[in-house]
Amino acid sequence: MKSSRRRTLKTASAAMMAAGLLAFGVSAASAHVNVNPDDPAAGGYTHLTFNVPNESATAKTNKLEVALPTDTPFNSVSVKPVEGWTAQLVTTTLPKPITVAGATVTKAISSVVWTADAAHQIGQNEYQAFSISVGVLPDAGTTVSLPATQTYTDGSVVKWDEKTVAGQPEPEHPAPSFVTTASDDAAASTSSPSATPAPSAAASTSDAGSTAGWFGLAAGLIGLAVGVTALVRTRSTQAAK
């Protein structure tokens, strides 16, 4: 009887853990090398932060290279220092001159390479953040792809360079990317300082659905806990008899 009760508790715990993972949206994709811009507005400058996890069980990450766009090149790139890592900016001559922010650009920084010393390599269950400041950003709606190459101490190399296609499953090694938004000037010109637009019916419905979904999930978890408690009590009563 004790064995049956123990199995019941283990099954209930596993079910509640699975429900919790779904509730918080835990995904294997969180382990990918990714990029986060602090302001993706077109025509401006932004800080890009690359989060790089170590995914090897036996080796450490000792090098990262990020390729920058040359079709819409940045006319300014600077690197935030990372302790124990040296950064190198690689400059390339463009196939043809490009006008950026009213200036003709013939050369541009095409990649940034970070290399670690032995004491600061990224080990198991660790990650490192690398930041650069870039600008100016291209027109709104442009997907800025920043393929990355991750090198390990055992010589293995992982290329994060696969294109993500809307409506298709995420590739195994997607390239870090983001989409530029409307420029700050354009956004300001379309906003009204005297009135706040009312939410659309579709937005209200979506918000309500989202709220109801969370309440439903919470109710389901509570119901599961109550059911498990009742089952354990029943089994305990039967054992006592």
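Bear in mind that the values in this text are calculations on the coordinates, not laboratory data. Since the structure is predicted, the reported quantities are computational estimates derived from the model, not experimental observations. In this analysis, Cβ positions are derived from the backbone assuming ideal geometry, glycine residues included, and neighbour counts consider all displayed protein chains.
With a ≥ b ≥ c the root eigenvalues of the C-alpha gyration tensor of segment 94-177, is it rounded (a/c under 1.5), prolate (a/b larger than b/c) or oblate? Show your work: numbers first, answer last.
Working: a/c = 2.39, a/b = 1.46, b/c = 1.64.
The shape class here is oblate.
Calculated FRET efficiency, residue 163 and residue 57, Cβ-Cβ r, R0 35 Å, to nearest 0.05?
FRET efficiency, residue 163 to residue 57: 0.80.
Taking θ as phi - 60°, what are the ³J(HN,Hα) couplings along segment 55-68 by the Karplus curve (6.51, -1.76, 1.60), each to the nearest whole Hz, with x for Gly and Pro?
10, 9, 7, 10, 10, 10, 7, 10, 7, 9, 10, 10, 8, 9
Using a Cα-Cα cut-off of under 17 Å, which aspartates and glutamates could be cross-linked to residue 63, ignoring same-chain neighbours fewer than 8 residues away?
Partners found: 55, 83, 117, 126, 154, 161.
Relative to a virtual label point 7 Å from the Cα of residue 80 in the Cα→beta-carbon direction, which members of segment 100-129 show backbone nitrogen distances below 14 Å?
Residues 128-129 fall inside that zone.
Mind ordering 60-66, 33-39 by average Cβ neighbours within 10 Å, highest first? Walk me through the intermediate numbers first.
Values: 60-66: 20.3, 33-39: 17.3.
Packing proxy ranking, top to bottom: 60-66, 33-39.
Based on Cβ point charges of +1 for Lys and Arg and -1 for Asp and Glu, what charge dipole magnitude is obtained for segment 33-181 about its Cα centre, in debye rounded to the nearest 20?
Details: 7 positive and 14 negative charges, 88 e Å.
Dipole of segment 33-181, to the nearest 20 debye: 420 debye.
What do you get for trypsin sites (Lys or Arg not before Pro) in segment 106-165 restricted to DSSP loop and a cutoff of at most 13 other Cβ within 10 Å of the site's Cβ? The partial results should precede the final answer.
Details: sites: 107, 159, 163; in loops: 163.
Listed in order of number, the matching sites are 163.
Let me check I've understood the local charge: for residue 43, count other residues with C-beta under 14 angstrom from its C-beta, Lys and Arg +1, Asp and Glu -1. What total comes out? Could you put the intermediate results ahead of the total?
On the way: positive: none; negative: 39, 139, 184, 185.
Around residue 43, the charge tally is -4.
Any chance you could list the semi-axes, whole Å, largest first, of the equivalent ellipsoid that the Cα gyration tensor gives for segment 33-181, using √(5λ)? Write out the running numbers ahead of the final one.
On the way: eigenvalues 146, 65, 36 Å².
Ellipsoid semi-axes (Å, largest first): 27, 18, 13.
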